[in-house]
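*Asks:* Okay, handing you the structure first.
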There are 2 protein chains.
Amino acid sequence: MTARPTTRSLAPLNEWTALEIAAAVRAGTVTCEAIARACLDRIAEREPRVLAWEYLDPEQVLAQARALDRGGHRGPLAGVPFGVKDIIDTCDMPTAYGSPIYAGHRPRRDAACVALGRKAGGVVMGKTVTTEFAVNYPGKTRHPQDPARTPGGSSSGSAAAVADCMVPLALGTQTTGSTIKPGSFCGVFAYRPTFGAIRCSGVMESAASCDTVTLYGRTVEDIALHRDVLVGTEPAPVAGLSEPPRIGFCRVPQWPRLAPYTQRLLEDAAARLARAGARLQDAALPEDFSEAEETHRQISCREFALNFTREIEHHWNELSEDLRNGKIRIGLECTDKRYRAAQALAARCRLGVEALFGDFDVLLAPAAVGEAPVGTGTGDSTLASPWSLMHVPTMNVPVFKGPNGLPVGAQVIAGHGQDRKLFAAARWIHSALA
Amino acid sequence: MTARPTTRSLAPLNEWTALEIAAAVRAGTVTCEAIARACLDRIAEREPRVLAWEYLDPEQVLAQARALDRGGHRGPLAGVPFGVKDIIDTCDMPTAYGSPIYAGHRPRRDAACVALGRKAGGVVMGKTVTTEFAVNYPGKTRHPQDPARTPGGSSSGSAAAVADCMVPLALGTQTTGSTIKPGSFCGVFAYRPTFGAIRCSGVMESAASCDTVTLYGRTVEDIALHRDVLVGTEPAPVAGLSEPPRIGFCRVPQWPRLAPYTQRLLEDAAARLARAGARLQDAALPEDFSEAEETHRQISCREFALNFTREIEHHWNELSEDLRNGKIRIGLECTDKRYRAAQALAARCRLGVEALFGDFDVLLAPAAVGEAPVGTGTGDSTLASPWSLMHVPTMNVPVFKGPNGLPVGAQVIAGHGQDRKLFAAARWIHSALA
């Protein structure tokens, strides 16, 4: 909480980091309203092309900002606008879960992660576009750098809004690859915390065994700040590393699916990190890990299909064909016996992955197969889903450009509960590859 | 699913088991409407004294029953009325979470456990009384056998309604002792499944690390049936044991808090079970287990306090003094560091408890300190909370009478995922002690 406005504060207000905004608001050098207006102006300019927002009312945003200015709010997120994925409940804005079934639905309560952000002085900018029930069927959002391409999903609007400097922070969720993949496609830091570390109360349950609230930002420090607010602890700066990290390089079982240029970018990055002083070695993933992708699929689809019993029974024709014939079909076909075997495999595999963190501070792995693809699909999530099942904290670090000049990320993974070590290592890796 | 109407079907319809009702409805020997009317008549007679229901609309119940009769429903719960604790969302009945803040609140969706019950042919009888936000501050419900006494809480209405033959089944929840304790006080079977086995979607989140949907019934078989429906598997009969169970007798750290008669009842039961052929030995609980009660308190209070940020910020004066000065204060005082240490202890302790199930099929432990106390408090939950933290399946087996002729239960506990073994052993123990 010692950040001071830097030279970056000469940048347009909508490009300021959350740390810069909160420090300037507390110092009285900028108003919450000025920040909110700058973000609203950016959205007014860019939204017709990016389509990141499911719900946004500028007057409501300005009213929040003015109330904070009047109250002299000095919280850790004072005046910081944040986007909220539209599967996360808000008491004063609709929450439609990406489905026509719930168009206009008004929840009674704020999700815990929204209430904690407001309590810290944050401004809810609006609801960001999600895929249908946070699964595959895409919303309207387009990639900020190329409208022919997807921003990824399911946290499509949150990733695009942060990447496009509409807001400094946004809330997403990840059950499969819904945060790491859009982070890689859009070129922002994207953080999935240790499973269970951030409360999910008020967040649509997809598959509780893997659901997590996630965070987007344009710096590691902003994500760390937002995390501390949501965990309910005093914000602390991201620590520096006393020495370069021990990095385990993961040629994951999905490696052959990567675009050749993604393989080369990662191999090259590993070499550069080693030259920068990292003790980098290939990590031997546990044997079970090759089954983690399918194991995740069985568990998450079965839980989803049970959770959506009401919609399956009463709203079948309002569900997309993609959802009916994908997640729901797989989930209904998965027996309880198979589900329990999958849970047992996941528990075993977690122990095997955890053992790696005796030798390594973090693992380095692909975040996506390559650049954001052209078209309406949201891309391949299977670089992220095994780690979602492992319950370990992971982060997309935006470090590469693909052949079309579009972002490709590297995924950095730490041991269970080692989220702050993840932040330190991700920052080191980002600097070393910059 | 082979149950036939037995001699018990000569009993009044409101006393029938769920298995008897569903079999008779499928056989066409009774209508759903007749069952619903019998339960409604019982409620009309007894509700002024027991006060188990937060919301009940007889016409709405009869409409559900008639629709099932018209449709010829043949599901595993065909025509079975069930109560729903009022922290579990229903799309056609209000859900007030036991708090004046949410009086009249109408959720948009059914919780998964409600939707699955309806899909199986069940009739939602109404919403049962819960304590405030499923914590301590009591609702209006009184003990069915003695209105001067509490039925226990937080699942007060569900336990009382099943005990008083108003419904054969009811949904509850347990984060601390909210199901096992009222089950012991009211003298019904009460089942807390393996953590994570029944989906919590649409259930108010108290503390996700321990929250579970729970079931009440007047027979083990009815609970097994309801569980199979909610787990999404084909109902299967409760298996018999090929030999008497290996039982580990637990003089838990809370043993000195038990009423002397409860200690004697349990000691005597152990001796009788051994005479009936059980291989019964004292179980050596892991050392960490003595900290499980306090560890559970820290984890559950901290998660609750974060989850209820909005209510703390905006509805402070509508929260009970008990809640503000109890769970919320403890939760806000618990640091992230302490919380994480508590989670680490819980994980260690789970491994120690799991190891016991190499030697034992089930553990036998106290369910409550004694009979339901006189007054408005809901009694001591600390016989249940350590097991809630352990994530193992447990059941209250109603086997004893205290000095006032009121029920006292025994708690039977199985290993993680061994819910069907729990059912078999609980039935054996119940028979042996009957």
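Every read-out reported here was derived from the displayed coordinates using simple, explicitly stated rules and does not represent laboratory data. What you are looking at is a predicted structure, and each value in this text was computed from that prediction instead of being measured. Cβ coordinates were reconstructed from backbone atoms using ideal geometry, including for glycine residues, and neighbour counts include every protein chain displayed.
*Asks:* Report, as an integer, the average count of C-beta atoms from other chains found within 10 Å of each Cβ along A:203-210. Can you show the working numbers first?
*Replies:* Numbers: counts 1, 3, 8, 1, 2, 6, 1, 0.
Counting other chains' Cβ atoms within 10 Å and averaging over A:203-210 gives 3.
*Asks:* Okay, moving on. Sorted by mean Cβ packing within 10 Å, highest first, what order do the peptides A:222-231, A:373-382, B:272-281 take?
*Replies:* Working: A:222-231: 25.0, A:373-382: 18.3, B:272-281: 16.4.
Per-residue Cβ counts within 10 Å, averaged per peptide and sorted highest first, yield A:222-231, A:373-382, B:272-281.
*Asks:* Hey, another quick one. What ranking do B:Trp16, B:Trp53 get, fewest neighbouring Cβ atoms within 10 angstrom at the top? Numbers along the way, then the final one.
*Replies:* Values: B:Trp16 28, B:Trp53 23.
By the 10 Å Cβ count, ascending: B:Trp53, B:Trp16.
*Asks:* Sticking with this one: Would you count, across chain B, every pair of lysines whose alpha carbons are under 30 angstrom apart, provided the pair is eight or more residues apart or spans two chains?
*Replies:* 22
*Asks:* Kindly identify the range A:258-379 as rounded, prolate or oblate by the Cα gyration tensor criterion: order the square roots of the eigenvalues as a ≥ b ≥ c, call it rounded if a/c is under 1.5, otherwise compare a/b with b/c, prolate if a/b is larger, else oblate. Please list the in-between numbers first.
*Replies:* Details: a/c = 3.80, a/b = 1.64, b/c = 2.32.
Oblate shape, in that a/c is at least 1.5 and b/c is the bigger or equal ratio.
*Asks:* Say we join alpha carbon atoms closer than 10 Å with springs in a Gaussian network model of chain A; which of A:Thr95, A:Thr233, A:Thr295 then has the biggest fluctuation?
*Replies:* Maximum fluctuation in the GNM of chain A, among the listed residues, is at A:Thr233.
*Asks:* Taking H placed 1.01 Å from N in the peptide plane, check which residues at least 5 places from B:Val399 or on another chain put their amide H under 5 Å from its amide H.
*Replies:* Correct list: B:Val408, B:Ala410.
*Asks:* Does anything in the range A:70-103 have its amide N under 20 Å from the 7 Å Cα→Cβ label point of A:Glu234, and if so which residues?
*Replies:* It comes to A:74-78, nothing else.
*Asks:* Across peptide B:195-202, what mean number of C-beta atoms from other chains lies inside 10 Å of a residue's C-beta?
*Replies:* Working: counts 0, 4, 4, 1, 11, 3, 13, 4.
What the average comes to for B:195-202 is 5.
*Asks:* Further question on the same structure: What is the log10 of I(q)/I(0) for the protein assembly as shown, computed with the Debye formula using one identical point scatterer on each Cα and no solvent, at q = 0.08, 0.09, 0.10 Å⁻¹?
*Replies:* The calculated log intensity ratios at q = 0.08, 0.09, 0.10 Å⁻¹ are -0.70, -0.88, -1.07.
*Asks:* Another question about this same structure. Given R₀ = 22 Å, FRET efficiency for A:Leu351-B:Glu287 by Cβ-Cβ distance, to 0.05? List each step's numbers first, then the result.
*Replies:* Details: r = 22 Å, r/R0 = 1.01.
After rounding to 0.05, the efficiency reads 0.50.
*Asks:* Given H placed on each backbone N at 1.01 Å, which residues far from B:Val369 in sequence or on other chains put an amide H within less than 5 Å of it?
*Replies:* Result for B:Val369 returns B:Asp380.
*Asks:* Taking other Cβ within 10 Å of each residue's Cβ, how do A:Ser290, B:Ser431, A:Ser385, B:Ser209 sort, fewest first?
*Replies:* Working: A:Ser290 15, B:Ser431 10, A:Ser385 26, B:Ser209 21.
In increasing order of surrounding Cβ atoms, one gets B:Ser431, A:Ser290, B:Ser209, A:Ser385.
*Asks:* With viscosity set to 1.306 mPa s and temperature to 10 °C, compute the Stokes-Einstein D of chain A, Rh being the Kirkwood radius across alpha carbon pairs; µm²/s, no decimals.
*Replies:* Working: Rh = 21.4 Å.
Once the numbers are plugged in, D ends up at 74 µm²/s.
*Asks:* Can I ask one more? Could you let me know the centre-to-centre spacing of the range B:366-389 and the range A:60-137, using Cα atoms, in angstrom?
*Replies:* Going from one Cα centre to the other spans 39 Å.
*Asks:* Here is a further query. Check B:Phe249: other-chain or 5+ apart residues with amide H under 5 Å from its amide H, H built from backbone geometry?
*Replies:* Amide H neighbours of B:Phe249: B:Gln281, B:Asp282, B:Ala283, B:Leu364.
*Asks:* Per residue of the protein assembly as shown, what 222 nm ellipticity follows from adding -39500 (n - 2.57) for every DSSP H run with n ≥ 4, rounded to the nearest 500?
*Replies:* Working: 28 runs with 326 residues, N = 868.
Taken over the protein assembly as shown, the calculation gives -11500 deg cm²/dmol.
*Asks:* Between A:Arg324 and B:Arg106, what is the FRET efficiency for a Förster distance of 35 Å, r being their Cβ-Cβ separation, to the nearest 0.05? Intermediate results must be reported in sequence, preceding the final value.
*Replies:* Values: r = 28 Å, r/R0 = 0.79.
Computed FRET efficiency for A:Arg324 and B:Arg106 comes out at 0.80.
*Asks:* For the range A:291-341, what class follows from the C-alpha gyration tensor (a ≥ b ≥ c being the square roots of its eigenvalues): rounded when a/c is under 1.5, otherwise prolate if a/b is larger than b/c, else oblate? The partial results should precede the final answer.
*Replies:* On the way: a/c = 3.01, a/b = 1.84, b/c = 1.63.
Because a/c hits 1.5 or more and a/b exceeds b/c, the range A:291-341 counts as prolate.
*Asks:* Need one word for the range A:313-434: rounded, prolate or oblate. Basis is the Cα gyration tensor (sqrt eigenvalues a ≥ b ≥ c); a/c below 1.5 gives rounded, then a/b vs b/c decides.
*Replies:* Values: a/c = 3.11, a/b = 1.30, b/c = 2.39.
Taking the square roots of the gyration eigenvalues as a ≥ b ≥ c, the range A:313-434 is oblate.
*Asks:* Between B:Leu62 and B:Asp359, what length in nm is gained on full extension when 0.36 nm per residue of separation is reduced by their alpha carbon distance? Mind dumping the intermediate values first?
*Replies:* Working: separation 297, 0.36 × 297 = 106.92 nm, distance 5.01 nm.
So the extension gain works out to 101.9 nm.
*Asks:* Ranking request for peptides A:153-165, B:402-414: highest mean number of other beta-carbon atoms within 10 Å first, then the rest in descending order.
*Replies:* Working: A:153-165: 32.3, B:402-414: 21.6.
My ranking of the peptides, most packed first, is A:153-165, B:402-414.
*Asks:* To continue, here is another question. No solvent, one uniform scatterer per C-alpha: report log10 I(q)/I(0) for the range A:7-231 via the Debye equation at q = 0.14, 0.15, 0.17 1/Å, two decimals.
*Replies:* -0.75, -0.87, -1.14
*Asks:* Ok, one more. Give the relative contact order (percent, whole number) for the range B:271-348; include only Cα pairs under 8 Å separated by 6+ residues.
*Replies:* Values: 44 pairs, mean separation 32.5, N = 78.
The value is 42 percent.
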